[in-house]
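S.K.: Sharing a structure, written as structure tokens. Questions coming.
The values are calculated or read from the model by the stated rules, or taken from the named source; none is laboratory data. This is a predicted model, so every value here is computed, not measured. Note: ideal-geometry Cβ built from the backbone for every residue, glycine included; neighbour counts use all protein chains shown.
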Amino acid sequence: MYEYDFTIQYVDINTNNQLSDYGLLKYLQEIACLHADSRGFGLNNTPQNRLAWIILNWKIEFVSRPGWNTKLHIKTWASKIDNISCYRDFEVTDEHGKKVAIASSKWVLLNIDTHHITKITSEIKAAFEPICTSVFEKISEKITEPDSFETSFEYTILKRDIDTNQHLNNLNYIMLAKEALPQKTSFTSIEVIYKHQCVLGDKVRFMCHAENGEYVIAVKNADNNVLHAIIRLS
């Protein structure tokens, strides 16, 4: 278990002075990095061990959306680790102990020299001390791509979008996907499954299908034959 306190910054609120989707994801990503670093398998260890954590999916449920300058207490832990993947869960509360959100995610280790997924060793498993408790009873690792879309947004991946793994940072998918949504939308649940990385210069389309208060956004290449990610908001 790893715990850390954050204070909601102005850049992490929406137009209604509420914690934004991007803001929450940013804090979850940060505490995951801090936890990995504290165990000796973080970003600063990559030059030596040649390993980098890559996220495959997110599931997030908002319970409340506190405003600017609110203090957040976030807990994270490895809920399950097998030879290939690590499942990481999160619990977020405000300064009064009120629940803000819960989240779960799935990660793999990438060898940065071969660009292949590598085995999670017994040493790494022991370092993270898995706690077999998940915030969700069940997580679907599949989102069906819709047959048709009502709205779309086209974008070319820029230098500012690229992270240390040399691809579009996972948080930016959510930020860009919202550009394909209808003008007025609200949701409390976010699910993202990453399929194929986007890199600098890629031309991508964020295509949205809305049905019964649920929005599914497919992120595809310009030729519409590569699915980069699929997102469900409800």
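S.K.: Which is within 21 Å of residue 38 (Cβ to Cβ) and in contact (Cβ under 8 Å) with a residue 12 or more places away in the chain, of 131, 143, 139, 174?
M.R.: 131
S.K.: Only residues that are among the polar types (S, T, N, Q) and without any contact (Cβ under 8 Å) to a residue 40 or more places away in the chain: list them for the stretch 146-168, please.
M.R.: Of everything in the stretch 146-168, just one residue is among the polar types (S, T, N, Q) and without any contact (Cβ under 8 Å) to a residue 40 or more places away in the chain, namely 166.
S.K.: Kindly check whether there is at least one residue in the stretch 49-61 that is free of Cβ contacts under 8 Å to residues at least 40 places away in the same chain and in contact with a Ser or Thr (Cβ under 9 Å, 6 or more places away or on another chain).
M.R.: no
S.K.: Shifting gears a bit: Kindly provide the set of residues from the stretch 89-103 that are small (Gly, Ala, Ser) and surrounded by 19 or more Cβ atoms within 10 Å (Cβ to Cβ), ordered by number.
M.R.: Once the filter is applied, which keeps residues that are small (Gly, Ala, Ser) and surrounded by 19 or more Cβ atoms within 10 Å (Cβ to Cβ), the stretch 89-103 yields 101, 103.
S.K.: For residue 137, are the conditions met, namely being surrounded by 14 or more Cβ atoms within 10 Å (Cβ to Cβ) and outside any helix (DSSP H, G or I)?
M.R.: no
S.K.: Based on what the data block shows, is residue 210 of a type in the set (A, V, I, L, M, F, W, C), out of contact with any helix residue (DSSP H, G or I) (no Cβ under 6 Å at 6 or more places or on another chain) and assigned to a strand (DSSP E or B)? Quick ask: steps written out before the conclusion?
M.R.: On the way: of a type in the set (A, V, I, L, M, F, W, C): yes; out of contact with any helix residue (DSSP H, G or I) (no Cβ under 6 Å at 6 or more places or on another chain): yes; assigned to a strand (DSSP E or B): yes.
Yes, satisfied.
S.K.: Next question. When the stretch 135-165 is examined, which residues are found to be closer than 23 Å to residue 87 by Cα and assigned by TED's automatic domain parsing to the domain that holds residue 217? Spell out how you get there, then give the answer.
M.R.: As a first pass, look at the stretch 135-165 and keep what is closer than 23 Å to residue 87 by Cα: 135-144, 163-165.
Scanning the stretch 135-165 gives 163, 164, 165.
S.K.: Can you tell me which of (1) in a strand (DSSP E or B); (2) out of contact with any helix residue (DSSP H, G or I) (no Cβ under 9 Å at 6 or more places or on another chain); (3) of a type in the set (Ser, Thr, Tyr) is the one residue 186 doesn't meet?
M.R.: The number of the failed condition is (1).
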